[in-house]
Amino acid sequence: RIPVDQKDNWILEYETKMRSTVNAADTWYDEYQPFLDWDNRRNSERSRLSLEKLRQIVKRGTAIHVNIGNSMTKMSKVLEQAETWYEMNKSLLARANVLSIDDFTSVEHSVNLSELTDAISTASSRVSVDLEEALALQKIADQIRRWLERVCNAAPIKRSKRVGKGRWSCKPTRFSMKDLVDLIEEGKSLPIPTNEEVVRLNTQLEEVQAWRLKAHGELKTIANAFCSL
């Protein structure tokens with residue numbers, strides 16, 4: 001029989017460990033609840049997180065030696081989907097400078113729109129969350145499209161081989177010299193081959209410069225003619 005004055009200090013065997021496990025499970029669920037409760041059947045409610053965050057959630061959940069239930073099963077399945085997508089697109093992520101991958105080596109350093117589009121589409125259809133890495137590829141793809149369209153308008157050709165027939169048609173637009181220089185500089189930061197476009201932009205820039213010099217000379221001649229009257 002336990003003395004009355006010692007009852008408050010008495011605990012069952014393994015009670016401390018069990019309480020610790022329950023607290024760990026509660027903490028895990030509370031911390032990651034926004035990612036655990038979404039309905040992945042609705043695109044508007046898809047959770048957004050990185051592959052590293054997914055790994056962290058599953059790793060911490062696995063370390064809790066108790067059955068957490070459907071939430072853990074759900075996140076483990078999502079991590080498996082994300083890891084599969086990552087392995088398929090590791091090269092692309094490195095070449096697009098989305099991730100720094102130490103063990104990645106490749107002769108090819110550029111990307112193209114079609115592989116970006118394929119990777120983005122695959123992530124959307126096969127991974128039940130919006131991966132930050134896939135969203136980063138989407139941002140790059142959008143930037144490339146905008147750049148190519150502006151180049152198409154600034155230095156038109158009949159059809160851009162890069163974007164493909166029917167993707168958009170060039171709408172010749174007046175661009176200032178600064179606009180052309182900015183386009184050339186922006187092209188240097190894109191992870192796609194831009195030599196063809198940059199050559200066209202430089203040609204356009206030279207034509208603008210030549211036109212300005214010619215116009216300046218003609219205005220100077222007219223001004224001198226007025227002065228001599």
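For the residues Asp182, Asp30, a 1.4 Å probe over the protein chains yields an accessible-area ranking, largest first, of Asp30, Asp182. FRET efficiency for the pair Arg146 and Ser91, taken as 1/(1 + (r/R0)^6) with r the Cβ-Cβ distance and R0 = 25 Å, rounds to 0.55.
The values are calculated or read from the model by the stated rules, or taken from the named source; none is laboratory data. Nothing here was measured: the structure is a model prediction, and the numbers come from that model. Positions of Cβ are backbone-derived with ideal geometry, glycine not excepted, and every protein chain shown enters the neighbour counts. Note: areas computed on protein heavy atoms with side chains; ligands, DNA, RNA excluded. Shrake-Rupley method; radii C 1.70, N 1.55, O 1.52, S 1.80 Å.
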